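Bear in mind that the values in this text are calculations on the coordinates, not laboratory data. As the structure is a computational prediction, the values presented were derived from the model and not from experiment. Cβ coordinates were reconstructed from backbone atoms using ideal geometry, including for glycine residues, and neighbour counts include every protein chain displayed.
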Ligand code: AMP
Ligand code: ZN
């Protein structure tokens with residue numbers, strides 16, 4: 001279940017070397033080559049899934065606990081104050097590599113702001129209408 005043209009398949013399965021943090025039968029965790037902060041890691045499943053909507057349930061169930069373990073290790077060993085877990089789906093959402101992956105980004109005291117946005121405005125009616133639209137999409 002790998003894609004021969006996918007760079008993250010090759011990295012996850014050890015065909016291309018990487019700065020590897022962790023490996024088990026399902027995942028490899030590597031350091032991002034363009035880190036947003038020191039220690040920025042990527043969790044890569046060894047099987048190829050394009051994005052969150054293609055991910056199988058068994059892999060999905062394991063990925064968030066692993067992100068928590070990596071984040072805890074970063075706090076312990078790198079001394080970061082916290083961390084962000086980020087996962088992009090689609091070009092418009094910032095996805096550039098189309099092999100599902102989860103970013104774990106250490107956040108240091110006094111470090112740059114990231115993964116933040118200006119809160120917009122809302123009305124109870126507007127929120128209710130939008131909530132209804134999304135709920136309809138679940139069917
Ligand atoms: P995304 O924008 O969510 O698709 O994230 C892709 C991430 O992969 C970016 O942060 C890149 O810096 C990182 N990246 C791309 N190619 C490599 C590579 N060969 N080794 C390590 N990180 C990579
Ligand atoms: Zn792949």
Largest fluctuation, 54, 125, 116 only, Gaussian network model of the chain with Cα springs under 10 angstrom, belongs to 125
Between the Cα axis of helix 57-77 and the main Cα principal axis of the chain, the angle (0 to 90°, nearest 10) is 70
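If R0 is 22 Å, what FRET efficiency do you get for residue 1 and residue 89 from their C-beta distance, rounded to 0.05?
Numbers: r = 19 Å, r/R0 = 0.87.
My answer for the efficiency is 0.70.
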Computed, not fitted: 222 nm per-residue ellipticity of the chain from DSSP H runs ≥ 4 (each -39500 (n - 2.57)), nearest 500, equal to -9500 deg cm²/dmol
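So how do 32, 56 line up by other beta-carbon neighbours within 10 Å, fewest first?
56, 32
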Taking Cα pairs closer than 8 Å and at least 6 residues apart, the relative contact order of segment 7-137 in percent is 23
Between the Cα axis of helix 124-137 and the main Cα principal axis of the chain, the angle (0 to 90°, nearest 10) is 50
Semi-axes of the chain from the Cα gyration tensor (sqrt of 5 times each eigenvalue, largest first, whole Å) come to 28, 22, 13
